[in-house]
Amino acid sequence: MKPQARKPPVGKLTANSAFEGQLLQAQALHQKGELDLARARYQVLLEVVPHHPKILNPLGILWSQLAELEKARACFLEILAHHPQDLDGLVNLGVVQERLNDLDAALSSYAQATALKPQHAVAQFNQGNLLMKLGRLPQALDCLDQALKAQPRSAPYLLKRGQLFLALKQADHALQDLERAHAIDLNMSTVNFYLGQAHSDLNQWEKALEHYDNFLAQHPQSFEAYTNRGHVLKQLGRPELALESYQSALGIEPNFHMTHLNLGVLYQETQQLELAVESYQRALALNPHTAPTHSNLGSALKALGKYQDAKQSFDQAIEIDPNYEASHFNLGQLYFELQQFAWALQSFSKAIELNADFADAYFHRAHLYFQQENFALAKADIVQCIRAGFQRQVEAEYILQALESETFNEAPPAQFVSNLFNQYAAYFERQLVDELGYQGPALMLAQLQAHLKRGPYAILDLGCGTGLSGGVLTPFAHNLVGVDLSSRMLEKAREKNIYSSLFESDVVEFLNQTDQTFEVVVSMDVFIYLGDLGAVFQGVGRVLKPEGYFAFTVEEEEGASFSIYPNTMRFKHSKRYCDALASEHGYDVLGVSTARIRQNLGSDVMGLYYVLQKNAP
């Protein structure tokens, strides 16, 4: 908002003399907007009574109204040369100095006025507003507190202090002031914009949407409001409506960099990475000096596997604003993917140093400590992550339970697995196949193919992910069904157009509820998240036709059972355990071999490739 500078009234005088009567006439002309006539009257009066504040103040205001700022300043300086403690002169001089961009002088004028009269509401307000512009927020708050102490029911003052609280990241205090301003002046439509912002900062998305809609009803050309509204709709899980809101903003103002930035975030969160990169680049073309945009561009480039370009973007973000913690966090994620763990640890730690409540940074640093088998530090970071309000709390609490129990063997909650793979869906295949050398489907097909002589078959791809297994199974299927917990992984599988149908479901729930039957069930690299496989074997037995085939992989461990490994939070199963389950549930073991499944930290992860056949009745 523009400064709420008061135009001090020209003094209300009674016509006890010719001078006072002429002054009242000049004031009346001024108030009616007849500025040339009013100016002439003021100047005639100055010839009679030189240097008089009650003439020079309104004349200065008149010159200011005519954009003759130097003449206005001269009027106010003339007052102060002869009446150095004239409060209206000091305040009005400050307003003109602000308009002339002489900000230090303006601040000095306001400070002189408040020193003379601390309860002068307009002086305190203008001083606070200017300090806010200069980024001196705590001092600005002191001034606005004084202004409201003098005029506690001033809606403009409450609005301004609400804006200041938003800048101070004190949304709860902002909300109180903004609601009071709204209650005092229901016609002050601007307050709806900032109420939308306050509710957004408090994650009260429905209320934020209501206020932005109210604001836009009266200000339909506000591209800022459409941009903020798009962010709210994205948070409410309405990406199509968010896109429409951003497009409305760009239709009004195509060169607002924040709209392009927020549009990039929307595209990135909906896995449209190329479009995200384009939006971030447009934002940077309009404003190249914003750290968040460089940082977000780096994240999108990283997801596309363009690691060198991503690193350049993160480095630029940090150069622009070394205290923007998200850039250090994103750089840490890049280092983690590149297996440069010492640098990753340094970046995550820097993010935490800058923001002690950075839950995601604690969570990712904990994973580094897991890999180092420093479980005490990992546990400490998981505790801090939960304290800081980690959004994926189910995951953090599951990991904490695993760390606190020496005999922990519970499978992760479904939400844990779906969240994990929803994050990685956009670049899952590239990372798994190109970087981790995943070759499970091809190795399994080589073992299973010898038995697939009478096809095509009804095949169930259990835990299908993005469809890597489906790609090698398609030639053998007349009905290929995929099941997975991750909606975004299923979107990628759907794009391949190889499945007859896809279901978003927990695998055991699907096996227990479906009416379909199959001749082949395949589950690749899925059981590492399940632990006890008894329910899976029982469920597969329910849907698998007699003499049908059940093919799966497990990470191999010695012994007679299964266990979770804290450094990976994945389960390993022994051959003795899998053989015993096969026998218990009526399967013959047609083949089992040991081969690499993928790599982890540069080392081969070995697994068992099983092909079972269900016994005939």
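The values are calculated or read from the model by the stated rules, or taken from the named source; none is laboratory data. It should be emphasised that the depicted structure is a prediction, and the values quoted were computed from it without experimental measurement. Methodologically, a virtual Cβ is constructed for each residue, glycine included, from the backbone with ideal geometry; neighbour enumeration extends over all protein chains shown. Ligands, DNA and RNA are stripped out before the accessible areas are found, and what is left, the full protein with its side chains, is counted by its heavy atoms. Shrake-Rupley method; radii C 1.70, N 1.55, O 1.52, S 1.80 Å.
Annotations for the structure displayed:
- Restriction of the trypsin sites (Lys or Arg not before Pro) in the stretch 137-200 to DSSP coil positions whose beta-carbon has at most 13 other beta-carbons within 10 angstrom yields ARG153, LYS169.
- Inter-probe distance in nm under a simple model that places probes 7 Å from Cα toward Cβ, at MET188 and HIS289: 3.2
- Whole-number accessible area per residue in Å² for the chain, which is evaluated in the context of all protein chains at 1.4 Å: 45
- Total charge dipole magnitude, the chain, about the Cα centre, Cβ charges on Lys, Arg, Asp, Glu only, Debye to nearest 20: 1520
- GLN221-GLN247 FRET efficiency (beta carbon distance; Förster radius 25 Å; 0.05 resolution): 0.95
- Largest accessible area first, the residues VAL589, VAL481 order themselves as VAL589, VAL481 under a 1.4 Å probe with ligands, DNA and RNA left out.
- Net dipole in debye of the stretch 534-617 [+1 Lys, Arg Cβ; -1 Asp, Glu Cβ; about Cα centre; nearest 20]: 240
- Computed from the C-beta positions of LYS545 and LEU236, the FRET efficiency with R₀ = 60 Å rounds to 0.85.
- The stretch 286-341 and the stretch 414-452: distance between their alpha carbon centers, rounded to Å: 27
- The fraction of accessible area contributed by carbon and sulfur in the chain is 48 percent, rounded to a whole number (1.4 Å probe; ligands and nucleic acids excluded).
- Were the residues from ASP145 through ALA442 laid out at 0.36 nm apart, the gain over their Cα-Cα distance would be 99.9 nm.
- Extension gain for PHE408 to LEU66 (0.36 nm times residue separation, less C-alpha to C-alpha distance): 115.3 nm.
- Spin-label model distance (nm) - LYS207 vs LEU168, 7 Å beyond Cα toward Cβ: 1.9
- Look at the alpha carbon pairs under 8 Å that are at least 6 residues apart: their mean separation over the length of the chain gives a relative contact order of 5 percent.
- Legend: residue pairs LYS234/LYS379; LYS306/LYS350; LYS160/LYS311; LYS169/LYS234; LYS149/LYS234; LYS545/LYS572, Cα-Cα distance threshold 31 Å; pairs beyond threshold, LYS234/LYS379; LYS160/LYS311; LYS149/LYS234.
- In a fully extended conformation the segment linking GLN599 and GLN423 would gain 61.4 nm over its present Cα-Cα distance, using 0.36 nm per residue.
- For GluC sites (Glu not before Pro), the sites in the stretch 364-400 that DSSP calls loop and that have at most 11 other Cβ atoms within 10 Å are GLU373.
- In this label model, GLU558 and ALA450 are separated by 2.9 nm, measuring between points 7 Å along each Cα→Cβ vector.
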